[in-house]
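Notes follow once the structure below has been shown.
The values are calculated or read from the model by the stated rules, or taken from the named source; none is laboratory data. Note that the structure is a prediction, hence the values are computed from the model and not measured. Here the Cβ positions follow ideal geometry from the backbone for every residue, glycine too, while neighbour counts run over all protein chains shown. For the accessible areas, the whole protein counts, side chains as well, though only heavy atoms, and no ligand, DNA or RNA atoms are used. Shrake-Rupley method; radii C 1.70, N 1.55, O 1.52, S 1.80 Å.
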Amino acid sequence: MKQRFSRKLPYKEGSVFCFPLRDGGYGRGVVARSGKRGGCLLGYFFGPILQSPQEATIDGLSATKSVLCCIFGDLGLMDGTWQVMGQVPNWDRSLWPNPDFMSRSNGWYSLVHYSDDNPVHETLRMGVEEDDPTLEDDGLYGSGAVEIEVSRRLRKTESPELPKA
């Protein structure tokens, strides 16, 4: 008989966490959707670049201020690399929408939507004639990919290039 191990997830919808950026500093994230067993989550990610996790607060976060919204794996949260800081005050999932994503492949575009109850369960995939650049790329980000992409976006917005001589 196989023995089943249940693991308590260190997060839930509305959890705020701090994670390391790839080129130094820290960012923050919010778990917006989670299936019952975890694994893959929908999250919103934020700046500004923090010098330490102790600078991170849970106040002032909103979906409209995020630099990235994506479906991501929970490895960083499970192994403790990403530290859960607390919960969004008065968590209301309707304020943290489950957005549409855009699948882009060789000039073909599809609008993609996932279940509100399971971020990996695709509920809609519809071919469209044009790309919608306002939609995030469809796909599953690993913890490292989130760290890289948020680092890139924050460095781009917070450290503009110096004027060329």
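Scanning the stretch 86-141 for residues that are more than 12 Å from Leu42 (Cα to Cα) and in contact with a helix residue (DSSP H, G or I) (Cβ under 9 Å, 6 or more places away or on another chain) turns up Val88, Leu95.
Annotation note: of Arg37, Arg28, the sole residue that is among the charged types (D, E, K, R), modelled with pLDDT of 95 or more and outside any helix (DSSP H, G or I) is Arg28. Contact map, the stretch 34-54: residues that are within 20 Å of Met78 (Cα to Cα) paired with residues that are surrounded by fewer than 21 Cβ atoms within 10 Å (Cβ to Cβ) and polar (S, T, N, Q), Cβ distance under 7 Å, separation 6+ or inter-chain. Pairs shown: Gly35/Asn118; Leu42/Asn98; Pro53/Gln83. Inspect all residues belonging to the stretch 7-26 and state whether any of them is touching a strand residue (DSSP E or B) at 6+ places or on another chain (Cβ under 6 Å), in contact (Cβ under 8 Å) with a residue 60 or more places away in the chain and under 16 Å from Gly139 (Cβ atoms). Checked against the condition, which is being touching a strand residue (DSSP E or B) at 6+ places or on another chain (Cβ under 6 Å), in contact (Cβ under 8 Å) with a residue 60 or more places away in the chain and under 16 Å from Gly139 (Cβ atoms), the stretch 7-26 yields no hits at all. Evaluating Arg7 against the criteria (1) out of contact with any Leu (no Cβ under 6 Å at 6 or more places or on another chain); (2) outside any strand (DSSP E or B); (3) at pLDDT 95 or above; (4) not aliphatic (A, V, I, L, M) leaves one unmet condition, (3).
Within the stretch 1-19, restricting attention to residues that are surrounded by fewer than 19 Cβ atoms within 10 Å (Cβ to Cβ) and under 15 Å from the mean Cα position of the chain (by Cα), the residue that is farthest from Asp116 (Cα to Cα) is Lys12. Of everything in the stretch 94-107, what is open to solvent by 40 Å² or more (accessible area, probe 1.4 Å) and at pLDDT 95 or above? Give them in sequence order. Passing the criteria: Ser94, Leu95, Pro97, Asp100, Arg104.
Total residues in the stretch 46-63 satisfying the condition of being farther than 20 Å from Thr157 by Cα and of a type in the set (Asp, Glu): the figure is 1. Asn118: surrounded by 12 or more Cβ atoms within 10 Å (Cβ to Cβ) and at pLDDT below 95, yes or no? For Asn118, the condition - surrounded by 12 or more Cβ atoms within 10 Å (Cβ to Cβ) and at pLDDT below 95 - is met.
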